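**Student:** Here it is, the structure, as structure tokens.
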Amino acid sequence: MTNSLRPHGHDRAPLPPAQPPVDGVPSPRSPHPAPQAAHTASPGGKPVKQRDAFFDNAKYLAIVLVAMGHAWEPLTDHSRAAEALYMVVYTFHMPAFILISGYFSRSFDMRPDRLRRLVTGVAVPYVLFEVAYSLFKRYADDDPTHPVSLLDPWYLTWFLVALFVWRLTTPLWKVVRWPVPLALAVAVLASVSPDIGDDLDLQRVLQFLPFFVMGLFMKPEYFQLMRRREVRLLSLPLFAAALAVAYWVGPKMNSAWFYHRDSAQELGAPWWAGVVMTLALFGCSMVLTSCFFAWVPRRQTWFTVLGAGTLYGYLLHGFLAKGSRFWGWYDSYAWLQQPYGEIFATLFAAAVITVLCTPPVQRMFRWAMEPKMEWAFKRDATELARERARANSAR
């Protein structure tokens, strides 16, 4: 594949070269380049790289699917159609999100400013939301014995732990000869190792690892290839086939395989099933992720700006998703089990996650999601030298 690849149809401009975030962490405000006009003037006269609409659109659509999946989960026992949609979406929505995280981790190293951003943009939000979620379960679910433990991520916070670990291992994946096969081997070994336990949700960290490593080595032309007209057309029957297969196997299959949080033995299957399912799900996830990317708009849309707030929406919507179970909404309102109720739950989830990704919500919770914490870190000597040089040049 070369840079000469072009999509058919109206969107003919190629994706720009990958520009990882300056701070090295895929946070809600990580700067991505915009196609074609990649720079604008800042107040100080310096060019400022704009975000890439394609990736912001992909992040927003993926997080909407995450919220929809959580809304469908209580419906899967009563609706085979909801179960099929649930299984298909769970095959690719988090892999797509993780792959993008890996793609924008390509420049990460142990530079002090990037390590600081990793702490403030990932580790600190993990501590805050893990405590908040644990207290929420303790009181909303009337479970006073539920522990507050930073070693046992509850519900959605596992992703922050995983992101922290994956990001720290980025330099390692850059030096090994076969990074993706090695990551797959790690995932396979994890799937047959019940002794790993629940600490830091390492099963998920290791089993989702191949998608992050795949993202690290993705090139812009690979995304360009997914935008070809023939790929988009092929994705339609592939999605239809996936839904048909999910509808057929749904009642017979344990959906916990899609969570990647347990070993095969813990799911009541023989050890070799972990090997088969890990490799099979990786292949299916990559195919459906490619189909998903094929239909992501590359132009600016009304929801492009929301791509900057997906981590806000991801963490905040969990309180409502879990609260709906704690407070028995699905049991109290029988009409939610009807087709029109399922449609309502789907649209409601999409609306809630959309609101939670908006700039006003970001400003409201930035203290928790993106704290500056300048008081906690030493000033980097290089940074101080640059400031002195700027001050001298301004005289």
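**Student:** What are the residues in segment 342-354 that are closer than 15 Å to ALA62 by Cα, β-branched (Val, Ile, Thr) and surrounded by fewer than 20 Cβ atoms within 10 Å (Cβ to Cβ), if any?
**Tutor:** THR346, VAL352, THR354
**Student:** Moving to a separate point now. Taking ALA71, is it at negative phi, without any contact (Cβ under 8 Å) to a residue 60 or more places away in the chain and either buried (at least 23 other Cβ atoms within 10 Å of the Cβ) or in contact with a strand residue (DSSP E or B) (Cβ under 6 Å, 6 or more places away or on another chain) (or both)?
**Tutor:** Values: at negative phi: yes; without any contact (Cβ under 8 Å) to a residue 60 or more places away in the chain: no; either buried (at least 23 other Cβ atoms within 10 Å of the Cβ) or in contact with a strand residue (DSSP E or B) (Cβ under 6 Å, 6 or more places away or on another chain) (or both): yes.
When the stated conditions are applied, ALA71 does not pass them.
**Student:** Based on this model, can you work out whether PRO31 counts as modelled with pLDDT under 90, in contact with a Lys or Arg (Cβ under 6 Å, 6 or more places away or on another chain) and not aliphatic (A, V, I, L, M)? First the steps, then the outcome.
**Tutor:** Details: modelled with pLDDT under 90: yes; in contact with a Lys or Arg (Cβ under 6 Å, 6 or more places away or on another chain): yes; not aliphatic (A, V, I, L, M): yes.
Against the criterion (modelled with pLDDT under 90, in contact with a Lys or Arg (Cβ under 6 Å, 6 or more places away or on another chain) and not aliphatic (A, V, I, L, M)), PRO31 qualifies.
**Student:** When you go through LEU336, LEU320 one by one, which is the residue that is crowded, with 19+ Cβ neighbours inside 10 Å and either without any contact (Cβ under 8 Å) to a residue 60 or more places away in the chain or over 20 Å from PHE159 (Cα atoms) (or both)? Give the derivation first.
**Tutor:** Working: LEU320 fails: crowded, with 19+ Cβ neighbours inside 10 Å.
Answer to the check: LEU336.
**Student:** Hey, any hits in segment 375-386 for a residue that's more than 29 Å from VAL131 (Cα to Cα), part of a helix (DSSP H, G or I) and basic (Lys, Arg)? Quick ask: steps written out before the conclusion?
**Tutor:** Taking segment 375-386 and keeping what is more than 29 Å from VAL131 (Cα to Cα), we get 379-386.
From the residues that got through so far, the ones that are part of a helix (DSSP H, G or I) too are 381-386.
So of that shortlist, the ones also basic (Lys, Arg) come out as 386.
Yes, the conditions are met somewhere in segment 375-386.
**Student:** Filter segment 183-196 for residues that are touching a residue at least 60 places away in the same chain (Cβ under 8 Å), buried (at least 17 other Cβ atoms within 10 Å of the Cβ) and in a helix (DSSP H, G or I) and give the result.
**Tutor:** LEU184, ALA187, VAL188, ALA190, SER191, ILE196
**Student:** I'd like the full set of residues that are among the aliphatic types (A, V, I, L, M) and over 13 Å from ALA53 (Cβ atoms), limited to segment 287-312. Break it down stepwise before answering.
**Tutor:** As a first pass, look at segment 287-312 and keep what is among the aliphatic types (A, V, I, L, M): 287-288, 294, 296, 305-306, 308, 311.
Scanning segment 287-312 gives VAL287, LEU288, ALA294, LEU311.
**Student:** For a quick check of your reading: which helices (runs of 4 or more DSSP H) sit entirely within segment 97-182 and have at least 1 residues that are over 18 Å from the mean Cα position of the chain (by Cα) and closer than 24 Å to PRO210 by Cα?
**Tutor:** Values: elements: 112-118, 124-140, 158-168, 170-175.
The qualifying helices (runs of 4 or more DSSP H) are 112-118, 170-175.
**Student:** Let me ask something else. Working only within segment 356-379, note down all residues that are closer than 18 Å to THR304 by Cα and without any contact (Cβ under 8 Å) to a residue 12 or more places away in the chain.
**Tutor:** In the first step, residues of segment 356-379 are kept if they are closer than 18 Å to THR304 by Cα; the result is 356-363.
Listed by number, the residues that qualify are PRO360, ARG363.
**Student:** Which residues, counting only those in segment 266-280, are among the small types (Gly, Ala, Ser), surrounded by 13 or more Cβ atoms within 10 Å (Cβ to Cβ) and in a helix (DSSP H, G or I)?
**Tutor:** Taking segment 266-280 and keeping what is among the small types (Gly, Ala, Ser), we get 268-269, 273-274, 280.
Add one more test, that the residue is surrounded by 13 or more Cβ atoms within 10 Å (Cβ to Cβ), and what stays is 269, 273-274.
Passing the criteria: ALA273, GLY274.
**Student:** Criterion first (of a type in the set (Val, Ile, Thr), more than 24 Å from TRP329 (Cα to Cα) and surrounded by fewer than 18 Cβ atoms within 10 Å (Cβ to Cβ)) does VAL148 satisfy it?
**Tutor:** Numbers: of a type in the set (Val, Ile, Thr): yes; more than 24 Å from TRP329 (Cα to Cα): yes; surrounded by fewer than 18 Cβ atoms within 10 Å (Cβ to Cβ): yes.
Against the criterion (of a type in the set (Val, Ile, Thr), more than 24 Å from TRP329 (Cα to Cα) and surrounded by fewer than 18 Cβ atoms within 10 Å (Cβ to Cβ)), VAL148 qualifies.
The values are calculated or read from the model by the stated rules, or taken from the named source; none is laboratory data. Remember, it's a predicted structure, so these values are computed and weren't measured experimentally. Positions of Cβ are generated from backbone atoms using ideal geometry, with glycine treated the same way; all protein chains shown enter the neighbour counts.
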